[in-house]
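K.L.:
First the structure, which I've put down as structure tokens, then a few questions once you've had a look.
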Ligand SMILES: [Zn+2]
Ligand SMILES: [Zn+2]
């Protein structure tokens, strides 16, 4: 089993020390995770301690460590994204869309963006950014593909054609989808992506990784009962893995 999207520094919650990384590894081992990828938000790039990561990787026997990064995809910020994507020897790069018109859609304390736009238009703009991210050629993995559902603001029109178009773009790009259990801890209470959307990816042969998006050690592999049942029901029998930007597979 893998957990390929999680945060040790998180939102500046703790430093990336060997001890802190090993705390995550301990939980991973206890929950049957054999490969764990640390993917800090790129705005914390300066706080990623490569030496601590490498030392923890040596010390961690049962859990293989990977280094990735979660890049906040913003059209127009190509220079920042390129800079962050080449700063360290990553095993893989996650591209995540958190914003529409440079404004975050997943901020619990400020949901005004959902009043500012008609919900259908907001969803359309969100998925247009997702397609741009996948087709940009910058990323191996598309993070939490339907984050926009987080607070249960749903459009009153059917967005199936938008999702189909987005799944087409993902399949065309060769990018892997992050099946991310963090949604279970949010108001939406379900995995990203939703079952219908995941089925569209499966139908097109799009590979997946599994993740918890943990922001604390006890969240490693949290919700995996639900996400594993989901991916199995949809038909997935393996996950993608990455090492030095090269893709492999692992049965699930
Ligand atoms: Zn994210
Ligand atoms: Zn994340």
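Rule-based calculations on the coordinates, nothing more; no lab input. The model shown is predicted, which means the values in this text are computed figures rather than measured ones. No Cβ is skipped: glycine too gets one built from the backbone with ideal geometry, and neighbour counts run over all protein chains shown.
K.L.:
Taking every pair of distinct Cα atoms and averaging 1/r, then inverting, what Kirkwood hydrodynamic radius in Å comes out for segment 166-219?
P.N.:
11.8
K.L.:
For the ranges 13-26, 176-189, what's the packing order if you count other beta-carbon atoms within 10 Å of each residue, average per peptide, and put the highest first?
P.N.:
The peptides rank, most packed first, as 176-189, 13-26.
K.L.:
Turning to a different aspect of this structure: Got the relative contact order for segment 33-125 handy, in percent, Cα pairs under 8 Å and 6 or more residues apart? Spell out each step's value before the answer.
P.N.:
Values: 98 pairs, mean separation 23.5, N = 93.
For segment 33-125, the relative contact order is 25 percent.
K.L.:
Let me ask something additional. For the chain, take the longest principal axis of its alpha carbons; what is the angle in degrees between that and the long axis of helix 18-30, to the nearest 10 within 0 to 90?
P.N.:
Between helix and principal axis, roughly 70 degrees.
K.L.:
Along the principal axes of its C-alpha atoms, what lengths does the chain span, in descending order and rounded to whole Å?
P.N.:
Dimensions of the chain along the principal axes of its Cα atoms: 52, 37, 31 Å.
K.L.:
For segment 50-126, what are the per-bin percents of Cα-Cα distances with bins 10 Å wide, up to the bin holding the maximum?
P.N.:
Each 10 Å bin holds this share of Cα pairs: 16, 33, 25, 18, 7, 0.
K.L.:
Could I ask something else about it? Counting alpha carbon pairs within less than 8 Å and at least 6 residues apart, what relative contact order, in whole percent, applies to the chain?
P.N.:
With pairs under 8 Å counted, the relative contact order is 20 percent.
K.L.:
Taking just the C-alpha trace of segment 14-79, give me its Rg and Dmax in Å.
P.N.:
Rg then Dmax for segment 14-79, in Å: 13.3, 42.
K.L.:
Would you please calculate the Kirkwood hydrodynamic radius of segment 114-167 over all C-alpha pairs and express it in Å, rounded to one decimal? Write out the running numbers ahead of the final one.
P.N.:
On the way: mean 1/r = 0.0843 Å⁻¹.
Across segment 114-167, the inverse of the average 1/r is 11.9 Å.
K.L.:
Report the label-to-label distance for residue 110 and residue 78 in nanometres (one decimal), using points 7 Å from each Cα along the Cα→Cβ vector.
P.N.:
Using points 7 Å along Cα→Cβ, the separation is 2.8 nm.
K.L.:
Something else now. Can you report the principal axis dimensions of segment 24-171 using only the alpha carbons, biggest first, rounded to whole angstrom?
P.N.:
Computed over the Cα atoms, the extents are 52, 36, 34 Å.
K.L.:
Assign one of three labels to segment 211-250, namely rounded, prolate or oblate, based on the Cα gyration tensor with a ≥ b ≥ c the square roots of its eigenvalues; rounded applies when a/c is under 1.5, prolate when it is not and a/b is larger than b/c, and oblate otherwise.
P.N.:
oblate
K.L.:
Rounded to the nearest 5, what % of DSSP beta bridges with both residues in the chain are antiparallel?
P.N.:
Of those bridges, close to 25 percent are antiparallel.
K.L.:
Further, regarding this structure: Give me the mean projected area, in nm² to one decimal, of the convex hull enclosing the Cα positions of segment 139-180.
P.N.:
Numbers: hull surface 13.3 nm².
Dividing the Cα hull surface by four gives the mean projection, 3.3 nm².
K.L.:
Let me ask something else. Rounded to the nearest 500, what is the chain's calculated 222 nm mean residue ellipticity when only DSSP H runs of at least 4 contribute -39500 (n - 2.57) each, over all residues?
P.N.:
Per the formula, -10500 deg cm²/dmol.
K.L.:
Of all the C-alpha pairs in segment 129-252, what % are more than 22 Å from each other?
P.N.:
32
K.L.:
Looking at segment 59-151, send over the antiparallel percent of its DSSP beta bridges, to the nearest 5.
P.N.:
Beta bridges within segment 59-151, antiparallel portion: roughly 20 percent.
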